[in-house]
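*Asks:* The structure that follows is given in the form of structure tokens.
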Amino acid sequence: MYFRQNLYLINVVFFGVLLPTFAYSQSKVMIFDQLGDNQPHQEATKLIKTAYEQLGISLEYKKMPLSRSYREANLGRLDGLQGRVAEQTIHFPNLIKVNVPIIDFKVTIVADKLQCGDCELYNISKAATVNGYAALNLYLQDYTLPMHIDFVENRQTVQRLFDRSRVQAMILSDVLLGHHYFEDTKRWRIFYLCKVQTFHYLNQKHHELVQPITNELNKLLSTTNGTSNGNEFYQIDFSALGKMRVTDQEIKDC
């Protein structure tokens, strides 16, 4: 009887502790939100994908509206988010920040001078942006913009409204905007509202991955382009991310 009781306790400990770890090790696919097709987002996706590959984990992606992606990740239907601003843990308590900056960007207003003249802020009557644009929402907590803002589903809709002159301005991250908006100052007026960093997030069910993925991301970002030490990921060029870092010290944080 004594032997059976002890055997039972051993089984409980073994299967209660080791099996969850074993089950997780067999689950080698995680699902994140799909970022855009622009260069900064492609580089960020490549960086995060490579980091997880070092842990033996493959990634899949789901495309969905920005605002919905927060809810899906918080509920655990997505395993995490690739790049979001740090303050999101306030509103989505099941998300854990991986404390490695992925992309720095500026919240930017682009105005069409054909629609609003010299396009001072008070001359812009209507602008469009993406619903769930957290960095802009942070800015609007402390500041007021003197214009009506339409919050729409995605960046493509914002761009379409702007191109068709349905709005006089669009509010997006600078890294998502074409170079011509910054080069043709006779046509376009640029305002930088604030700057912010984005971070990778995991649902809390993956809390044990936070430190390993932090280590891998830091390792990748600290490598020198072209350096080879027998491991292929040291040869991947992530320098594009570094070139996009915000350097304008006069722009306030969001």
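The values are calculated or read from the model by the stated rules, or taken from the named source; none is laboratory data. All values reported here derive from a predicted model rather than from experimental measurement. Neighbour counts are summed over all protein chains in view; Cβ atoms, including those assigned to glycine, are modelled from backbone coordinates with ideal geometry.
*Asks:* Inside the range 189-239, can you point out the residues that are modelled with pLDDT of 90 or more, hydroxyl-bearing (Ser, Thr, Tyr) and farther than 21 Å from residue 34 by Cβ?
*Replies:* Across the range 189-239, the qualifying residues are 192, 214.
*Asks:* Could I ask something else about it? In this structure, is residue 182 in contact (Cβ under 8 Å) with a residue 12 or more places away in the chain and either within 26 Å of residue 92 (Cβ to Cβ) or of a type in the set (A, V, I, L, M, F, W, C) (or both)? Break it down into steps so the answer makes sense when it comes.
*Replies:* Details: in contact (Cβ under 8 Å) with a residue 12 or more places away in the chain: no; either within 26 Å of residue 92 (Cβ to Cβ) or of a type in the set (A, V, I, L, M, F, W, C) (or both): yes.
When the stated conditions are applied, residue 182 does not pass them.
*Asks:* Is at least one residue of the range 131-150 within 20 Å of residue 65 (Cβ to Cβ), charged (D, E, K, R), within 23 Å of the chain's Cα centre (by Cα) and modelled with pLDDT of 90 or more?
*Replies:* The answer is yes, given that some residue of the range 131-150 is within 20 Å of residue 65 (Cβ to Cβ), charged (D, E, K, R), within 23 Å of the chain's Cα centre (by Cα) and modelled with pLDDT of 90 or more.
*Asks:* Residue by residue through the range 96-125, note down the ones that are closer than 21 Å to residue 64 by Cα and either modelled with pLDDT under 90 or surrounded by 21 or more Cβ atoms within 10 Å (Cβ to Cβ) (or both).
*Replies:* Result: 102, 103.
*Asks:* Here's something else I'd like to know. For residue 129, all conditions in the list (1) surrounded by 21 or more Cβ atoms within 10 Å (Cβ to Cβ); (2) of a type in the set (Ser, Thr, Tyr); (3) not assigned by TED's automatic domain parsing to the domain that holds residue 190 hold save one; what is the number of the exception?
*Replies:* (3)
*Asks:* Show me the helices (runs of 4 or more DSSP H) entirely contained within the range 1-64 in which 2 or more residues are of a type outside the set (Asp, Glu), closer than 16 Å to residue 203 by Cβ and modelled with pLDDT of 50 or more. Spell out the reasoning first.
*Replies:* On the way: elements: 2-13, 19-26, 39-53.
Hits in the range 1-64: 39-53.
*Asks:* Follow-up. Could you list, in sequence order, the residues of the range 40-85 that are of a type in the set (Gly, Ala, Ser) and either surrounded by 15 or more Cβ atoms within 10 Å (Cβ to Cβ) or in contact (Cβ under 8 Å) with a residue 60 or more places away in the chain (or both)? Spell out how you get there, then give the answer.
*Replies:* Looking only at the range 40-85, we keep the residues that are of a type in the set (Gly, Ala, Ser), and these are 44, 51, 56, 58, 67, 69, 73, 76, 80, 83.
Result: 44, 51, 67, 69, 73, 76, 80, 83.
*Asks:* Out of (1) closer than 30 Å to residue 222 by Cβ; (2) surrounded by fewer than 18 Cβ atoms within 10 Å (Cβ to Cβ), the odd one out for residue 146 is which?
*Replies:* Every listed condition holds for residue 146 apart from (1).
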